[in-house]
Amino acid sequence: MTDGTEAPPLLDVAVDDDLLKLLRKYPLPAKLADTDMNQEEIGQAFDVSVNTVSKWIREGMPVAQVGGNGRAYVLRLSHCWAWRRSIEADSAARTKHNENQISMLRAELLGVEIDSQAAQLSARERRELAEADMRWSEAQRKRRQLVPLTDVLDLLEALGRIVRNGIEAMPDRLERELDLTPAQVAAVKRAGDDMLTTWADEIDEAELRERDVADAELGASLMI
């Protein structure tokens, strides 16, 4: 952006290949006219202090004319702009990379997929989420909308014992009540054993033992 006055001439400055690449990648906004500035002016342009500008120079910001012995530093606006945009882009890329690495590590530690919401949460956020879930669960339990898992397991174990005892006693009962032959009693026993075995296999396939609850030893409690 110009004020209608003629721009002062620029110093004859050599531009190396690296700086040329930055100038092409991060050109000065079209409305701005390139100009040479001192450190204070560059600080005002980037809204930083002169000390920060001096720090940037030490870190490699291009200098059109090195100061010293009473001579001021001369900094070209387009060069400083391209350098700062490059530094900011590199910093953003590092931050993005580190965030991805952190998410991958969290996913690995939690045993979840990288795109899982849990992998994106910090330790504090996961703790707060867990505490909120516990409070919700307690409220639901008090409303009788959520039954403790141990109560459900106790009921299943009681029902399992009734069914198991009934199946095991069935051959003798049918032998008495229906006057079955030994061969028929053996057939009934095989049918009962097959039923119990299928039941045990179904529970094992459902991987109930892998849930995040104390081991209820369902195999020992429900099966023979």
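Looking at the range 31-45, I want the residues that are of a type outside the set (A, V, I, L, M) and have a partner that is in a helix (DSSP H, G or I) and open to solvent by 40 Å² or more (accessible area, probe 1.4 Å) with Cβ atoms under 7 Å, at least 6 apart or on another chain. Which pairs are those? Hits for this filter: Gln39/Val50; Glu40/Val50; Gly43/Val50; Gly43/Thr52. If you go through the range 166-194 and keep only what is open to solvent by 40 Å² or more (accessible area, probe 1.4 Å) and touching a helix residue (DSSP H, G or I) at 6+ places or on another chain (Cβ under 7 Å), you end up with Glu168, Met170, Leu174, Glu175, Lys189. Each residue in the range 64-85 was checked for being under 47 Å from the mean Cα position of the chain (by Cα) and surrounded by fewer than 17 Cβ atoms within 10 Å (Cβ to Cβ), and 1 of them qualify.
In this structure, Asn51 does satisfy being within 44 Å of the chain's Cα centre (by Cα) and over 15 Å from Arg84 (Cα atoms). Take Leu23 and decide whether it is under 46 Å from the mean Cα position of the chain (by Cα) and either open to solvent by 50 Å² or more (accessible area, probe 1.4 Å) or within 20 Å of Ser86 (Cα to Cα) (or both). Judged against the criteria, Leu23 is a match.
The values are calculated or read from the model by the stated rules, or taken from the named source; none is laboratory data. Given the structure is predicted, the values throughout are model-derived calculations rather than measurements. A quick note on method: Cβ atoms are made from the backbone with ideal geometry, for glycine too, and the neighbour counts reach across all protein chains shown. The accessibility values were calculated without ligands, DNA or RNA, using every heavy atom of the protein model including side chains. Shrake-Rupley method; radii C 1.70, N 1.55, O 1.52, S 1.80 Å.
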